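*Asks:* Got a structure here, written out as C-alpha cells. Questions coming.
The values are calculated or read from the model by the stated rules, or taken from the named source; none is laboratory data. All values reported here derive from a predicted model rather than from experimental measurement. Cβ: placed from backbone, ideal geometry, glycine included. Neighbour counts: every protein chain shown.
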Amino acid sequence: MENFIVSARKYRPATFETVVGQQHITGTLKNAIKNNQLAQAFLFCGPRGVGKTTCARILAKTINCTNPTADMEACGQCDNCLSFQNGHSFNVHELDAASNNSVDDIRSLIEQVRIPPQAGKYKIYIIDEVHMLSQSAFNAFLKTLEEPPSYAIFILATTEKHKILPTILSRCQIFDFNRIQVEDIASHLSTIAQRENIAFESDGLHIIAQKADGGLRDALSMFDQIASYANKNITYKAVIDNLNILDYDYFFKLTSYLTAAEVSQTLLLFDEILNNGFDGNNFINGLASHFRNLLVGKDAATIKLLEVSENIKQKYLDQCRQTELSFLLTALNLANTCDLNYKNSKNQRLQVELALIKMCHIRSVVNLAQQPLSPNNTATDVDQDKKKTNVVAEPAESPKPKVEVENTAQAAAPVVNAPVSPNIPVTEKPKESPRVGPPPSTTSISINIPKTNAISTLIPSLNDLERVAQGDDDDGPKKVTGDAREPFSYDRLLEVWNAFTQKMKATDRINLFTILNNFAPTLLSPQLIEISVESKTQEHLVQQESVELLNFLRNELRNFGVEVTYKLMERKIENRLYGNREKYDYLVNKNPKLDELRRRFNLDINP
C-alpha cells in the first residue's frame with residue numbers, strides 16, 4: 001500500500017506556468033531572469049496558501065538551471081535541477097524564521113553567505129515567515145542584506161508585511177501576492193479530480209473554492225477531506241454537509257417568503273436552520289450576501305461579480321427579476337443593522353427574528369407609500385384597508401344635505417360643490433391615523449392633499465417601522481401640522497424649564513437634571529433659547545437628549561419654532577487655603593485681634 005500524499009504537496013507547482021492565479025508575479029520573475037536583472041533580495045508577501053514559498057523555490061531552481069527553456073522555465077533534467085528536486089542541492093538554503101529568530105541564527109547564516117557556490121551560479125537563501133525575526137536579528141541582518149556577495153540572493157516570505165522593519169523593506173523588491181480567484185481554484189480542483197479519478201459536481205467545487213477564501217492550500221485540504229468523506233464522489237450535498245455550510249436553497253426559499261410577507265413560514269424556516277446547528281450570526285451574514293448577489297444580478301454589467309457556479313448563477317438571475325430594488329436595498333440595511341447589534345444583544349435569536357419580521361413588511365410599506373386615493377373611498381373602506389390614506393370624502397352618489405335658511409342673505413347664495421379628482425395621488429405616512437370627523441356643515445368637500453413624493457417616503461416609513469418595533473417611537477422629532485408659533489414670556493419659559501428638570505429628576509436621569517438645573521436658560525430671541533454648560537462633555541450629554549427637550553418645550557410653549565443653542569461657561573474656583581500662613585492671614589482678616597494675641601504670647605506660625 002502506497003503512502004498517501006496530500007494534494008497540496010503532490011500537486012505543488014514545479015514551474016512558473018503551473019502556478020495558479022499569480023501571473024503578474026511569475027511574468028515579472030521570468031522577465032528578470034531573461035534580462036539578467038535579478039535583484040539581490042526579494043520579499044514575497046500575501047495571505048496564506050497563495051504560492052509565496054512555492055514561487056521562491058521555483059525561482060531558486062530556475063536561476064541555477066543550466067539549460068532553461070525559451071520561456072525561462074527550468075528544464076528539470078540538468079544536475080542542478082535534479083539535485084534540487086531530490087532535496088540535495090547545496091546552493092539553496094531554507095530557513096524557518098519562526099524557530100530560528102535569534103541573533104545567533106542570523107550570524108550563522110551570515111557565515112554561510114561568505115562561502116561561494118561549488119556548483120551553479122547563485123546561492124539562494126529562502127527565509128520563510130521572516131516577520132518572526134527579533135529586532136536584534138533584523139538589525140544584524142541589515143548589512144548583509146544591503147551589500148551581499150554577487151552570488152548571494154535572498155528571498156524573504158511573510159504573511160504580515162507590516163511587522164517588518166522599514167529598513168528591511170527598502171532593501172528588497174516587494175511582490176504582493178493576490179488572493180486566488182474562485183474560478184481559478186475551482187478549475188484547478190477539477191483538474192486534480194480528473195487525474196485522481198474522483199467524480200465531482202461543479203457546484204461542490206465552487207463551494208470549496210469560496211470557503212477557501214483565496215487560499216489554494218486550504219482548498220486542497222478541504223478537497224482531500226471531502227473526497228474521503230464522500231468516497232471519491234464530491235457532490236454539492238456532501239460538501240455543504242461536511243463543511244457545515246448553509247445551502248443556497250435555504251436563502252432562495254427564505255427570500256420568497258420575505259417578499260410574500262409570510263412571517264410564520266419565515267420564522268419556522270429560521271428555526272429549522274438553528275436546529276441544524278447553524279449560528280444566527282452566520283445566518284444573517286449569509287442572508288446579506290444573498291441579497292448582495294441578487295442586487296448585482298440585476299445589472300448585466302455586474303453579473304460577473306457573482307462568484308458562483310453556472311447553475312446557482314441562473315437561480316440568482318431568476319429570483320432577482322422577481323425582487324424589487326427597493327426591497328433589496330432596505331433588506332440589506334436591516335441585515336447589516338442586525339449584524340452590528342447581534343453580539344451586544346442578550347437575546348440574539350430575537351434580534352434576528354425581529355429583522356426578518358421587518359423584512360416581511362417591506363413590500364407593504366412600499367405599497368402603502370405608493371397607494372393613490374380612489375374617488376369612491378369611504379371612511380369604512382379606509383379603516384378596513386389598514387389606514388392607507390388620511391383623506392376621507394363623502395361618496396359621489398350621496399345626496400346633498402338640505403340647508404334651510406330663514407330671512408338671511410345666505411339664502412340667495414349659490415351652493416358650490418368641489419369635485420374630487422381621481423387622478424391626484426395622496427401619500428401618507430403609515431404611522432398617522434386617518435382623520436375621520438363629523439360630516440361637513442355645507443355641501444362642499446374640502447380636501448387637503450400634501451405634496452409628497454411617494455418614493456421619498458419609503459425610507460422614513462421604514463425608519464418609523466423600526467422605531468415602533470424597538471419601542472422608541474416617541475424619541476424622534478414629531479412632525480406637527482400647521483405652524484403654531486405662539487409668543488411666550490421668559491417667566492413662562494422658566495416654568496416649563498423647571499417642569500422638564502423635575503421630570504428628569506423623577507425618571508432618575510440625575511446627570512441631565514444637574515446640568516439643566518445649574519444655570520437658568522437665556523432667551524436670546526423670541527424663539528432661540530441658550531443653554532449654559534460647563535464642559536464639552538455636558539454639552540454632548542444635553543445634545544443627546546435635545547430631541548426630547550425640544551419636543552417638550554415646543555409642546556408646552558405651543559411654539560414649534562423654538563430652537564436651542566449652547567454656551568460654554570467657565571466655573572470660577574475660589575482660592576483654597578493650603579498652607580498655615582494662608583490660613584492665618586485668612587483668620588486675621590476676619591478678626592484682627594488674633595494677630596495681637598499672637599504677638600502678646602510670642603507665638604510662631606509653623607510653615
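*Asks:* Within segment 158-167, can one find any residue that is modelled with pLDDT of 90 or more and surrounded by 20 or more Cβ atoms within 10 Å (Cβ to Cβ)?
*Replies:* Yes, segment 158-167 contains at least one residue that is modelled with pLDDT of 90 or more and surrounded by 20 or more Cβ atoms within 10 Å (Cβ to Cβ).
*Asks:* Among the numbered conditions (1) modelled with pLDDT under 90; (2) buried (at least 19 other Cβ atoms within 10 Å of the Cβ); (3) not small (Gly, Ala, Ser), tell me where Phe44 comes up short.
*Replies:* So the condition that Phe44 fails would be (1).
*Asks:* Which is more than 46 Å from the chain's Cα centre (by Cα) and surrounded by 21 or more Cβ atoms within 10 Å (Cβ to Cβ), of Ala70, Ala74?
*Replies:* After ruling out the rest, the residue left standing is Ala74.
*Asks:* Just to be sure I understand the filter: pairs with C-beta atoms under 6 Å, separated by 6 or more residues or on different chains, first member in segment 272-299 and under 18 Å from Gln351 (Cβ atoms), second member assigned to a helix (DSSP H, G or I) and of a type in the set (Gly, Ala, Ser). Which pairs pass?
*Replies:* Ile284/Ala335; Leu287/Ala335; Ala288/Ala335; Phe291/Ala331
*Asks:* In segment 227-248, what residues are of a type in the set (D, E, K, R) and under 25 Å from the mean Cα position of the chain (by Cα)?
*Replies:* Passing the criteria: only Asp247.
*Asks:* Right, another one. Given the condition in a helix (DSSP H, G or I), modelled with pLDDT under 85 and not assigned by TED's automatic domain parsing to the domain that holds Glu353, answer yes or no: does some residue in segment 518-530 qualify?
*Replies:* yes
*Asks:* Taking the conditions exactly as written (crowded, with 17+ Cβ neighbours inside 10 Å and at pLDDT 90 or above), does Phe291 satisfy them or not?
*Replies:* yes
*Asks:* Kindly check whether there is at least one residue in segment 326-343 that is assigned to a helix (DSSP H, G or I) and of a type in the set (Lys, Arg).
*Replies:* Checked segment 326-343: no residue is assigned to a helix (DSSP H, G or I) and of a type in the set (Lys, Arg).
*Asks:* Let me ask something additional. Keeping to segment 110-140, report how many residues are of a type in the set (Gly, Ala, Ser) and surrounded by 15 or more Cβ atoms within 10 Å (Cβ to Cβ).
*Replies:* 3
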